[in-house]
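Below: the structure, in C-alpha cells.
The values are calculated or read from the model by the stated rules, or taken from the named source; none is laboratory data. Keep in mind the model is a prediction, meaning the values are calculated, not measured. As a convention, Cβ positions derive from the backbone with ideal geometry for all residues, glycine included, and neighbour counts pool all protein chains shown.
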Ligand SMILES: Cc1cc2nc3c(=O)[nH]c(=O)nc-3n(C[C@H](O)[C@H](O)[C@H](O)COP(=O)(O)OP(=O)(O)OC[C@H]3O[C@@H](n4cnc5c(N)ncnc54)[C@H](O)[C@@H]3O)c2cc1C
C-alpha cells in the first residue's frame, strides 16, 4: 500500500504524534509491500520539510494561504495530494488538530475513516484497525469498506519512528491557491506555552483531580511535582469544569490520551472516562483518601491519604534528593 | 436565524457495557440510553443564541436512528427546541452515512448554522461534523468554546492541542461543541410533560434519498480488563523507593 503521512509541525520540528503516525505508516508499508511519503503544509515550510525529510521523502505544499493552519484549505490540499499521488492510506496523529483536518479529508475522500487507532493488522491484504469505544471499555476491530482510507492513530499506542539512514527527497507540491476556501480567518492563536511539556509528550505526567481546591493549590502541588519530575501537569475533567485547570490539560475519553512511563493521579477517583485516557501508562501511582476509589484498581502503587499532606512531603523528599 | 442541531442517543455513560459472547456487538437488552452529552451542549448553545442574540431564531433538532430514539429526542424539545425531526432507520449507521442523512436534512431545512457535539461518546469517532462540513463545502469550526454572531459571520473560540484559538467564520457553517461552551440546562417537569405531547416530524431514511453505503464495519468487539494489583504504601519515602526500583524516577 502507498501511505501518505500528514506531518504536523510547529514551523520547524515535526511533532511527536506525527512520528507515531509515521510508525504506523512504515509498519503498513512493510506488511503490504508499499512505500511511505510524508506531507508538510505551511508557509515558509522549508525547515519543517527538512526535518520531515530526515525520516521519509516528503511532499511540501508551501503557500502563504496555508498559514495559519485552517481545516478547510488544508483538507483540500491533503485530499488532492492523496488523489493525485494515488495513495491508498493517509494517516496522521489523533490530536485535536489531526481530528479537525483529517476528519474533513475523510469527508472529501468518501468517508473511509478509522480514528483513534491503537493497533492494526493486515489480513488477506486488507487492513484491520483496533480502536477503543465506550471510553475504552471495549476495543473494536474495524475494517473500512473501500478507499482511499483516512486514519488517525494515537501516539500512546505507536512508538515514534526514528530518522532514516539517508534523508529523503523534498518535492514541492503545487497549490492551486485560488481554489482554496477563504471562509475562516484566524484572529488569535494560543499563547506559546510556558516551560512545561504537553501531557502527550512527557515521560512523566502528574495529574490532579477534584481534591484540589484552587488553581494556586494545583500549581504549587501538582505543578511543582510535575516540574521536579521534569514532566507534564494534567488534570481530570472535574478541575476543567471547575475552571481550575485549562482544557488542554484534561486527560481522558474526551480529553487527551496519554501513556507515559509514570502517571501520578493525585485526588482523582478513577471514573472510566478518566481511565480511558491513562490506563496504558507504564507505572500508575494513585494518592487518594478513599481506599475504595476505583483509581487504585488500575494502579501499581497507592497511598491512602490526604493529597494536601502527602504531596508536600513528596516534593520535599524529591528536592532533598536533587540537592 | 435557523439553527440545526443533530443529536444522537448513546448508552448512558454511567453504566457498564459488555460485549456479547461471540464478540459481534454489545449486550444491549438492558442498556439505558441518553442524549449524547456533547449534543446537549450544542442544544444549549442554540437556545443561548436565541436568548442572547437573535430572538426569532428557529431551533430544529434532528436525530438519525431507530423509532425508539423519539424518547431521547423529546428531551431537546423539553429544553426549548422549536421542532424535532427523526430520520428513521433500523440500520446502525456509520459516521459517513449519518453525514449523508444530515446533508439531506440540511438541503431541506436550509439552516444558517449546524451546531453539533464534537463527538458521540459511544463510538468516539469524532467524524460526523467534519464529514458534513466537507460534503456541504461549508466552513467548519470544531471543538468550540465560545460563539458570538458578528458582522459577516461568527466569532468563535476553539480548543486546540495547545490552548485557545480565535476564529472568524462565515455562515452557513458547521461548528462542533466542546465541554466548556456552556452547561446545558435541565428541563423543568412542566416542560418535560409538555414535550411529551408535542409532535415529532418523521421521515424514513430512504425517503430522504439516502442510499446506505457502509464505510466502516465492526468485525469484532472485546471488553478488555486491564486491572492491576495495587501495592499500598505508607509513606512518600516508600513511594520514591518503589519508583526508583521501577526506574521511572
Ligand atoms: C461523556 C463524558 C465524558 C467524560 N470525559 C472525561 C475525561 O475525558 N476526563 C476525565 O477526567 N473525566 C471525564 N468525565 C468525567 C468523569 O466521569 C468524572 O466525573 C471525572 O473524571 C471525575 O474527576 P475527579 O476524579 O477529579 O473527581 P471526583 O470523581 O470527584 O473524585 C475526586 C477524588 O478525590 C479524592 N479526594 C478528595 N479530596 C481529597 C484529598 N484531600 N486527598 C486525597 N484524595 C482526595 C476523593 O476520594 C475522590 O476519589 C467524563 C464524563 C462524561 C459523562
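Observations on the model:
- Residue that is surrounded by the most Cβ atoms within 10 Å (Cβ to Cβ), among those in the range B:161-186 that are touching a residue at least 40 places away in the same chain (Cβ under 8 Å) and over 28 Å from residue A:273 (Cβ atoms): B:173
- When the range A:253-275 is filtered for residues that are in a loop (DSSP other than H, G, I, E, B) and within 7 Å of the ligand (Cβ to nearest atom), the ones remaining, listed by number, are A:253, A:254, A:255, A:267, A:268, A:269, A:270, A:271.
- Out of B:173, B:145, B:187, B:195, one residue alone is within 16 Å of residue A:75 (Cβ to Cβ) and touching a helix residue (DSSP H, G or I) at 6+ places or on another chain (Cβ under 9 Å). It is B:173.
- The range B:79-195 holds strands (runs of 3 or more DSSP E) entirely within its bounds, and those carrying 1 or more residues that are within 24 Å of residue A:68 (Cβ to Cβ) map to B:113-117, B:140-150, B:153-160, B:163-169, B:173-177.
- Total residues in the range A:257-272, condition modelled with pLDDT of 95 or more and at the interface with chain B (Cβ under 8 Å from one of its Cβ atoms): 2
- The set of residues in the range A:106-120 being more than 7 Å from chain B (Cβ to nearest Cβ) and in contact (Cβ under 8 Å) with a residue 60 or more places away in the chain consists of A:117, A:120.
- Top-ranked residue of the range A:239-249 - restricted to ones that are more than 8 Å from chain B (Cβ to nearest Cβ) and touching a strand residue (DSSP E or B) at 6+ places or on another chain (Cβ under 9 Å), ranked as surrounded by the fewest Cβ atoms within 10 Å (Cβ to Cβ): A:244
- Some residue of the range A:192-200 being touching a residue at least 12 places away in the same chain (Cβ under 8 Å), within 15 Å of the ligand (Cβ to nearest atom), in contact with a strand residue (DSSP E or B) (Cβ under 9 Å, 6 or more places away or on another chain) and more than 13 Å from chain B (Cβ to nearest Cβ): no
- Of the residues making up the range A:74-105, not one is within 9 Å of chain B (Cβ to nearest Cβ) and at positive phi.
- Among the conditions (1) touching a residue at least 12 places away in the same chain (Cβ under 8 Å); (2) more than 8 Å from chain A (Cβ to nearest Cβ), the only one that residue B:107 does not satisfy is (1).
- In the range A:299-314 there is no residue matching the filter, namely being within 30 Å of residue A:159 (Cβ to Cβ) and surrounded by fewer than 18 Cβ atoms within 10 Å (Cβ to Cβ).
- Every residue from the range A:293-311 that is more than 9 Å from the ligand (Cβ to nearest atom) and assigned to a loop (DSSP other than H, G, I, E, B): A:299, A:300
- Every residue from the range B:212-248 that is part of a loop (DSSP other than H, G, I, E, B) and at the interface with chain A (Cβ under 7 Å from one of its Cβ atoms): B:214, B:215, B:223, B:224, B:226, B:227, B:228, B:230, B:246, B:248
- Exclusive hit being on the phi > 0 side of the Ramachandran plot and more than 9 Å from chain A (Cβ to nearest Cβ), set B:117, B:137, B:152: B:152
- Residue in the range B:47-57 that is at pLDDT 95 or above, touching a helix residue (DSSP H, G or I) at 6+ places or on another chain (Cβ under 9 Å) and buried (at least 20 other Cβ atoms within 10 Å of the Cβ) present: yes
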